[in-house]
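Single-structure report; data block below.
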Amino acid sequence: MPKRTLLAFAALLATPLPAFAHFNPAEHGSLLAGLSHPLTGLDHIVVMLLVGVWAATFRGAGRLVIPAAFLVMMLAGFALAMAGVSLPFVEPTILASVVAIGLLVALAVRVPSLAAVAIVGIFAVFHGHAHGSELGAAGALSFACGFAAATAALHGAGLWLGSQAVRHARPIAIRAVGWAGAATGLLLFAA
């Protein structure tokens with residue numbers, strides 16, 4: 001069963017999905033707008049799931065520290081955007097994060113947990129900055145709480161999927177998810 005679940009997940013990552021508009025904070029509130037924000041961009045969904053899957057391949061505290069680092073650094077990127085600090089190449093870096101983390105998973109690259117924290121942390125700053133630059137009329141704190149919760153849920157889903165594959169000794173399933181994620185990133189670059 002876990003192999004089928006992971007393969008279905010890999011197929012989902014490789015499937016083009018329609019674009020969804022972000023919720024209007026005036027109509028739905030800032031928290032819901034923030035909660036829905038990461039869920040309306042395939043690039044955000046895929047990388048957040050991949051971070052969880054990759055974290056599942058680590059032992060000990062790394063399994064939780066890696067996704068936590070993404071969350072913290074994403075909020076730091078959001079704070080930079082709120083402070084008016086501009087970052088170059090935000091969207092290309094976000095797409096590069098999908099490809100890079102997908103390849104790290106697909107190729108079963110082994111790095112120390114601290115290196116993984118640095119890799120996801122750098123990419124997370126750009127994801128957070130993008131969220132901040134798309135704040136619109138939403139209240140910053142509620143919006144940030146919403147997208148942080150959605151991100152944590154996506155990380156948790158990826159961590160659960162990856163843990164199932166690790167527990168059932170299905171490294172091929174983890175690699176398939178990585179390849180699907182990297183392919184999705186490349187398709188988004190081409191779009």
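A short reminder: the numbers here are calculations on the coordinates, not readings from a lab. Source: prediction; values computed, not measured. Reconstructed Cβ throughout: ideal geometry from the backbone, glycine too, with neighbour counts over all protein chains shown.
For this structure, a couple of remarks:
- Chain lengthening between V109 and V85 when straightened (0.36 nm per residue, less Cα-Cα): 5.3 nm
- Length released on extending from S133 to A118, taking residue separation times 0.36 nm less the Cα-Cα span: 3.1 nm
- Each Lys or Arg adds one and each Asp or Glu takes one away; over the other residues whose Cβ falls under 13 Å from the Cβ of A108, this sums to +3.
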